[in-house]
Amino acid sequence: MLNILWPIFIILSFIYALISGKVNEVNNGIFESLTDAVELSITFLGTMCLWTGIMEIAKQTNLINKMTHLLKPLINFLFPDLKRNESAKQEISMNMIANILGLGNAATPLGIKAMKTMQKENAKKDTLTNSMMMFIVINTASIQLIPTNVIAIRTSLNSQNATGIILPVWIATIIAAIVGIAFTKFLIKKVK
Amino acid sequence: MANVINYISNAAIPVIITVIILYGLKEKKKVFDIFLDGGKEGLEIVIKMFPTLIGIFLAVGALRSSGIIDLIVSVITPITNLLEIPSQIMPLALLRPISGSASMAVAVDIMQNYGVDTLTGLITSTIMGSTETTFYTIAIYTSAVGIKKTRGILIAALAADVAGMVASTVICRILS
């Protein structure tokens, strides 16, 4: 996608600048952007290393198993078709926990594993099952305890209150997830 | 109200860090060594992100300094007014489902230009925190098992994204 958008953005900007006589501004804009990207990356480093470090501790303890247990009622509500497929349910909850803890690198491989387990029991191999639909929608709703990336960026931009967005993010995420889940339940009934 | 929300937001990080470290200690793990190991991963993430950041900042910087963003914003303002989303956020809303690193760069650009603690900055942060790279996620999971028929799942996921964006706007407006 970006292989198409990126050149369009740049070419369009330059042509527009030529027409509107803003070539000088664009020239300066290019080099300012590069300095900004470097500065951002340096400040970004601190928060990112903090979180990947802390979450590595969480990963190596029993915490994830404990949390998996807490998720059981929710999993049963979201995936009624997976009643007997214990391994799929286990992988789905691991994926959800990894998402909640912000372990993106761990969440995706776990999620792919869950998809493969569900695919084994799929009668129509080229079509998503009900459970798969629900699983993907939940993964597109970013359910995360601490929005670390955003906080890192806010800190690097000298925010007076970098973590003040945590609660608003929780509320917005839950609303988005509810809409996604409701819509998916509807699609499961209507689209076969 | 705003104070309570602030307090919960601010307490969340120290509480979570403490709980995780206590848990590691309880299980007699070498928490500092593990922390160092994990920290290296953060370094790799930023290094991997760096070229993308440069590329996107270049494109977004060009769009903005040429004045083309102002043109686009003025065209879509009637629509965004209807949803009560500040029109400066529209480039972010459009890119968010497509590319994670690109939307991150656009978010930074918006916050740099309109202020990180302004209403626009808060909404931008909340949208980034509460939405996902929808297209990418769907593509990864369906292609992993070779599925072609997705039964309209993209619409459900995009509906969730729009709900998240509108909710972010409303919540931040109430708070500020």
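Looking at B:Thr137, B:Thr133, can you tell me which residue is within 23 Å of B:Ser87 (Cα to Cα), crowded, with 20+ Cβ neighbours inside 10 Å and either out of contact with any Ser or Thr (no Cβ under 7 Å at 6 or more places or on another chain) or of a type outside the set (Lys, Arg) (or both)? After applying the criteria, what remains is B:Thr133. Out of the residues in the stretch A:29-53 that are more than 7 Å from chain B (Cβ to nearest Cβ) and not acidic (Asp, Glu), state the one that is nearest to B:Ala59 (Cα to Cα). Residue satisfying both the conditions and the ranking: A:Phe31. Filtered by the rule that a residue be at the interface with chain A (Cβ under 7 Å from one of its Cβ atoms) and either β-branched (Val, Ile, Thr) or in a loop (DSSP other than H, G, I, E, B) (or both), the stretch B:93-134 gives B:Ile98, B:Ser99, B:Val108, B:Val116, B:Asp117, B:Thr126, B:Thr131, B:Glu132, B:Thr134.
Condition (residue is assigned to a helix (DSSP H, G or I), facing chain B (nearest Cβ under 7 Å) and in contact with a helix residue (DSSP H, G or I) (Cβ under 6 Å, 6 or more places away or on another chain)) applied to the stretch A:61-78: is it met by at least one residue? Scanning the stretch A:61-78 turns up at least one residue that is assigned to a helix (DSSP H, G or I), facing chain B (nearest Cβ under 7 Å) and in contact with a helix residue (DSSP H, G or I) (Cβ under 6 Å, 6 or more places away or on another chain).
Screening the stretch B:147-176 for residues that are facing another protein chain (nearest Cβ under 7 Å) and not in a helix (DSSP H, G or I) and picking the one that is surrounded by the most Cβ atoms within 10 Å (Cβ to Cβ) gives B:Ile147. Screening A:Thr35, A:Thr47, A:Thr43 for residues that are closer than 28 Å to A:Ala162 by Cβ, out of contact with any Lys or Arg (no Cβ under 6 Å at 6 or more places or on another chain) and modelled with pLDDT of 85 or more leaves exactly one candidate, A:Thr35. Of all the residues in the stretch B:112-126, those that are in contact with an Asp or Glu (Cβ under 9 Å, 6 or more places away or on another chain) and surrounded by 24 or more Cβ atoms within 10 Å (Cβ to Cβ) number 0. From the list B:Lys28, B:Lys48, B:Lys40, the lone residue that is surrounded by fewer than 17 Cβ atoms within 10 Å (Cβ to Cβ) and not in a helix (DSSP H, G or I) is B:Lys28.
The values are calculated or read from the model by the stated rules, or taken from the named source; none is laboratory data. What you see is a predicted model, and the numbers here were worked out from it, not measured in a lab. Every residue, glycine among them, receives a Cβ derived from its backbone with ideal geometry; neighbour counts consider all protein chains shown.
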